[in-house]
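Enquirer: My structure is below; once you've seen it, I'll send some questions.
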Amino acid sequence: MKLFLKSIFVLLFVSSVTAQNNTSYWQQKVDYKMDIDVDIDNWQYEGSQELTYTNNSPDTLNRVFYHLYFNAFQPGSEMDVRSTTIADSDPRVGDRISKLSPSEIGYIKPTSLKQDGKKVNYEVVGTVLEVNLDQPILPGASTTLEMKWDAQVPVQIRRSGRNNEEGVALSMAQWYPKLAEYDFQGWHADPYIAREFHGVWGDFDVTIAIDKDYTVGGTGYPEGKTKKRRGKKHWRFLAPNVHDFTWAADKDYIHDVYDGPNGVTLNFYYKDNPEIKENWKKLQPVTAQLLDYFNKNIGTYPYKQYSVIQGGDGGMEYAMCTLITGNRKYESLVGVTAHEMAHTWFQFLLATNEAKHEWMDEGFTSYISAHAMNEVMKGKKENPNAGSYRGYNFLANSGQEQPLTTHADRYNTNRSYGIAAYSKGAVFMAQLGYVIGSQNLKKTIKRYFDEWAFKHPTPNDFIRVAEKVSGMELDWYLMDFGQTTNKIDYAITSVETTNNTTRVILERKGLMPMPLDVVVTYEDDSKEAFYIPLQMMRGEKPNENTSMKRSVLKDWAWAYPTYDFEFNSRKKVKNVSIDPSKLMADIDATNNSFDVK
């Protein structure tokens with residue numbers, strides 16, 4: 001009996017450890033080897049792909065999914081129908097897909113697929129390839145999938161394609177059969193409808209055969225000399241530890257090289273156009289300054305090169321590169337480069353699932369790129385994110401706000417998506433600095449990079465880092481601002497002084513709780529600060545303005561709608577204000593200041 005009980009105990013212990021390990025972080029790995037042969041005359045190409053997929057999950061996989069993004073650019077696709085039925089269609093798309101002729105559409109058509117040498121059954125469903133495996137992939141096991149495919153590059157409409165409005169021949173983003181990501185939430189085989197991407201970390205070995213007159217740039221490092229065969233050049237690129245591969249090509253590209261910080265080579269590919277050449281030359285040293293800013297304020301860029309490439313339909317980030325339209329004024333050219341380069345950290349290295357957490361991608365990038373621009377371009381703005389606050393305030397008061405947990409494709413309007421992802425996401429980060437202090441925010445961003453680069457962090461992972469740095473409990477902040485549409489609205493209802501004692505009464509009018517900075521201005525224009533911690537924070541923000549006297553008051557528990565405090569002073573009070581920094585996203589600032597008459 002004792003032996004039996006001991007065996008049961010051991011079994012339960014092992015099961016417990018296994019269960020705990022199953023909830024620890026893991027991520028899949030895929031290594032691609034691809035060769036494509038491009039026919040410029042008809043904008044088609046043939047491809048072969050050999051990928052090695054390693055299942056680091058605790059689950060047995062009986063099937064896999066690929067993304068076939070180019071299939072979105074066909075009449076009747078989900079992207080086409082969504083674009084023509086949403087209230088505010090993206091003008092770059094509109095009804096253009098519905099009007100594409102057979103020679104203008106995009107497609108990726110698999111012609112064969114094998115697993116470890118044996119044919120497997122598959123089905124193309126829009127922009128997703130569903131594959132039933134010949135043999136399941138066990139936890140810890142690897143398998144090799146070999147595919148051949150035919151493809152046609154669509155007329156440039158959204159992000160990728162041929163012959164964009166500035167005449168760039170090929171903007172090749174999401175151009176290959178891309179294995180979908182599988183994580184603790186299962187498969188992420190989202191159809192390509194409008195938004196962005198999620199991919200598996202791995203190594204890429206890509207060879208591109210294209211007309212000899214074309215220059216190619218993009219992800220990865222050129223391997224060996226470019227080889228010429230039968231009128232074509234063969235460009236080979238190796239890209240270690242990335243989750244995507246993008247390239248662009250044009251026969252009129254100028255290719256400039258500029259030495260960036262930490263030995264990083266900066267490449268610039270742009271059309272030989274006298275009207276834009278001066279701006280692209282001026283952009284190069286500024287790009288080096290931007291890289292240096294992000295290195296110092298987030299974490300060191302880990303690759304050997306970064307390329308800024310004229311192409312696409314606006315600006316979009318990719319592995320080691322960005323595609324941007326280049327016919328811009330200088331300030332706009334710098335701005336789009338700053339934003340897309342910042343994405344190298346917030347989304348590419350800190351690889352959130354953009355479809356589920358688009359605000360961590362666009363919002364965090366908007367936050368840091370605004371600060372980078374302010375420094376590099378000597379903007380001297382007190383709050384570089386003021387525009388994001390205005391955008392969020394508009395959305396919060398519009399009656400059309402949806403929570404940041406909304407899937408990127410499921411927003412009612414493109415405008416709501418844009419303001420939520422870019423503006424509210426940036427406010428989330430800036431306002432966190434108000435909650436925990438600006439120095440703690442800077443430390444949080446750096447520690448977030450140190451702990452989560454080359455992984456797939458979630459909102460909870462980020463907020464947990466902020467908790468470790470600040471010593472505060474911050475789940476309430478993520479929940480209310482990131483997972484609901486609860487509003488912040490505080491008011492000063494009265495200020496009364498009797499015999500040198502002033503009593504201030506505050507009211508919480510919105511559902512979302514916040515700690516409060518209250519500043520009293522006296523008749524001689526001197527100031528005094530009062531800090532009211534939020535009880536559920538279980539901590540206090542450091543005093544970062546030592547030139548102003550600050551008193552820490554008792555905590556304010558969220559359920560109490562009002563709060564009052566008293567202070568003594570022989571000076572006459574002229575004004576009492578909530579958050580003069582305006583870093584708290586109060587949706588009605590008209591009642592945040594009280595003039596004492």
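The values are calculated or read from the model by the stated rules, or taken from the named source; none is laboratory data. Predicted model only: the values in this text are computed from it and were never measured. We place every Cβ from the backbone using ideal geometry, glycine too, and count neighbours over all the protein chains shown. All accessible areas refer to the heavy atoms of the entire protein, side chains included, with ligands and DNA or RNA removed. Shrake-Rupley method; radii C 1.70, N 1.55, O 1.52, S 1.80 Å.
Enquirer: Out of the range 455-498, which residues are closer than 22 Å to H407 by Cβ and either in a strand (DSSP E or B) or in contact with a strand residue (DSSP E or B) (Cβ under 7 Å, 6 or more places away or on another chain) (or both)?
Expert: Those that are closer than 22 Å to H407 by Cβ and either in a strand (DSSP E or B) or in contact with a strand residue (DSSP E or B) (Cβ under 7 Å, 6 or more places away or on another chain) (or both): K455, H456, P457.
Enquirer: Of everything in the range 213-248, what is outside any strand (DSSP E or B) and touching a residue at least 12 places away in the same chain (Cβ under 8 Å)? Give them in sequence order.
Expert: Matches in the range 213-248: D213, Y214, T219, G220, E223, G224, G231, H243, D244, F245, T246.
Enquirer: Sort through D256, D190, D205, D211 and tell me the only one that's touching a Ser or Thr at 6+ places or on another chain (Cβ under 9 Å) and not aliphatic (A, V, I, L, M). Explain how you work it out, then say what you get.
Expert: Numbers: D256 fails: touching a Ser or Thr at 6+ places or on another chain (Cβ under 9 Å); D205 fails: touching a Ser or Thr at 6+ places or on another chain (Cβ under 9 Å); D211 fails: touching a Ser or Thr at 6+ places or on another chain (Cβ under 9 Å).
The conditions single out D190.
Enquirer: Which pairs do you get when a residue that is surrounded by fewer than 15 Cβ atoms within 10 Å (Cβ to Cβ), found in the range 271-284, comes within reach of a residue that is charged (D, E, K, R), reach meaning Cβ atoms under 6 angstrom, with the pair 6+ apart or on two chains?
Expert: D272/D252
Enquirer: What are the pairs with Cβ atoms under 6 angstrom where one residue, in the range 48-74, is more than 18 Å from V206 (Cβ to Cβ) and the other, located anywhere, is modelled with pLDDT under 95 and assigned to a helix (DSSP H, G or I)? Sequence gap at least six, or different chains.
Expert: P58/N22
Enquirer: Could you tell me which residue of the range 501-554 is nearest to A466 (Cα to Cα), considering only residues that are in contact (Cβ under 8 Å) with a residue 40 or more places away in the chain and among the β-branched types (V, I, T)?
Expert: Going through the qualifying residues, I end up with V518.
Enquirer: Same structure, new question: Looking only at residues that are surrounded by 20 or more Cβ atoms within 10 Å (Cβ to Cβ) and more than 21 Å from the chain's Cα centre (by Cα) in the range 210-231, which one is nearest to I40 (Cα to Cα)?
Expert: The qualifying residue nearest to I40 (Cα to Cα) is I210.
Enquirer: Pick from the range 117-128 the residues that are in contact with an Asp or Glu (Cβ under 7 Å, 6 or more places away or on another chain) and touching a residue at least 12 places away in the same chain (Cβ under 8 Å): which of them is farthest from Q74 (Cα to Cα)?
Expert: Filtering the range 117-128 for residues that are in contact with an Asp or Glu (Cβ under 7 Å, 6 or more places away or on another chain) and touching a residue at least 12 places away in the same chain (Cβ under 8 Å), the one farthest from Q74 (Cα to Cα) comes out as K118.
Enquirer: Give the residues of the range 249-260 that are part of a loop (DSSP other than H, G, I, E, B) and open to solvent by less than 30 Å² (accessible area, probe 1.4 Å), sorted by residue number. Please lay out each step first, then the result.
Expert: The first filter runs over the range 249-260 and keeps only residues part of a loop (DSSP other than H, G, I, E, B), leaving 251-252, 260.
Of everything in the range 249-260, just one residue is part of a loop (DSSP other than H, G, I, E, B) and open to solvent by less than 30 Å² (accessible area, probe 1.4 Å), namely G260.
Enquirer: Another question, then. Within the range 511-547, which residues are open to solvent by 10 Å² or more (accessible area, probe 1.4 Å), part of a loop (DSSP other than H, G, I, E, B) and not hydroxyl-bearing (S, T, Y)?
Expert: L511, E523, D524, D525, R538, G539, E540, K541, P542, N543, E544, N545
Enquirer: Out of N397, N385, report the one residue that is buried (at least 18 other Cβ atoms within 10 Å of the Cβ), polar (S, T, N, Q) and farther than 25 Å from H198 by Cβ.
Expert: N385
Enquirer: Moving on to the next point. With the condition kept exactly as written, say whether any residue in the range 22-36 is farther than 30 Å from N414 by Cα, open to solvent by less than 60 Å² (accessible area, probe 1.4 Å), among the aromatic types (F, W, Y) and at pLDDT 95 or above.
Expert: yes
Enquirer: Given the condition open to solvent by less than 40 Å² (accessible area, probe 1.4 Å) and at positive phi, answer yes or no: does some residue in the range 561-578 qualify?
Expert: Within the range 561-578 (the criterion being open to solvent by less than 40 Å² (accessible area, probe 1.4 Å) and at positive phi), the answer is no, since none of the residues qualifies.
Enquirer: Then there's this: Mind checking whether some residue in the range 419-438 is open to solvent by 20 Å² or more (accessible area, probe 1.4 Å) and under 18 Å from N297 (Cα atoms)?
Expert: Scanning the range 419-438 turns up at least one residue that is open to solvent by 20 Å² or more (accessible area, probe 1.4 Å) and under 18 Å from N297 (Cα atoms).
Enquirer: Specify the residue that is farthest from the chain's Cα centre (by Cα); the eligible residues are those in the range 475-529 that are within 17 Å of K549 (Cα to Cα) and β-branched (V, I, T).
Expert: Looking at residues that are within 17 Å of K549 (Cα to Cα) and β-branched (V, I, T), I get T502.
Enquirer: If you don't mind, another one. Are there any pairs with C-beta distances below 7 angstrom linking a residue in the range 400-418 that is surrounded by fewer than 17 Cβ atoms within 10 Å (Cβ to Cβ) to a residue that is outside any loop (DSSP other than H, G, I, E, B) and not β-branched (V, I, T), with the two at least 6 apart or on different chains, and if so which?
Expert: Every condition considered, the pairs that remain are Q400/S416; Q402/S416; Q402/A420; P403/Q483; T405/Q483.
Enquirer: Here is a follow-up. Would you point out the residue of the range 312-344, among those that are in a loop (DSSP other than H, G, I, E, B), under 20 Å from the mean Cα position of the chain (by Cα) and of a type in the set (G, A, S), that is surrounded by the fewest Cβ atoms within 10 Å (Cβ to Cβ)?
Expert: G314
Enquirer: Test K554 against the criterion of being surrounded by fewer than 17 Cβ atoms within 10 Å (Cβ to Cβ), not small (G, A, S) and not in a strand (DSSP E or B), and give yes or no.
Expert: yes
Enquirer: Starting from the range 96-108, take each residue that is in contact (Cβ under 8 Å) with a residue 40 or more places away in the chain and list its partners that are basic (K, R), counting only C-beta distances under 8 angstrom and pairs at least six apart or across chains.
Expert: Here the result reads none, with nothing in the range 96-108 linked to a residue that is basic (K, R).
Enquirer: List the number of the failed condition for F565; all other conditions in (1) more than 20 Å from E473 (Cβ to Cβ); (2) part of a loop (DSSP other than H, G, I, E, B); (3) not β-branched (V, I, T) hold.
Expert: All conditions are met except number (2).
Enquirer: Also, I was wondering about something else. If R63 satisfies all but one of (1) outside any helix (DSSP H, G or I); (2) modelled with pLDDT under 95, what's the number of the condition it fails?
Expert: Tallying (1) outside any helix (DSSP H, G or I); (2) modelled with pLDDT under 95, R63 fails exactly one: (2).
Enquirer: Small (G, A, S), modelled with pLDDT of 95 or more, open to solvent by 10 Å² or more (accessible area, probe 1.4 Å) and assigned to a helix (DSSP H, G or I), is that true of G363?
Expert: Judged against the criteria, G363 is not a match.
Enquirer: Still on this structure, please answer the following. Among the residues of the range 77-110, what is the count of those that are of a type outside the set (D, E, K, R), open to solvent by 60 Å² or more (accessible area, probe 1.4 Å) and either over 19 Å from R410 (Cα atoms) or assigned to a helix (DSSP H, G or I) (or both)?
Expert: Total meeting the criteria: 5.
Enquirer: Further question on the same structure: Those residues that are within 15 Å of I97 (Cα to Cα), part of a strand (DSSP E or B) and open to solvent by 10 Å² or more (accessible area, probe 1.4 Å), I need them from the range 150-199; list them, please.
Expert: V155, R158, R162, listed by residue number.
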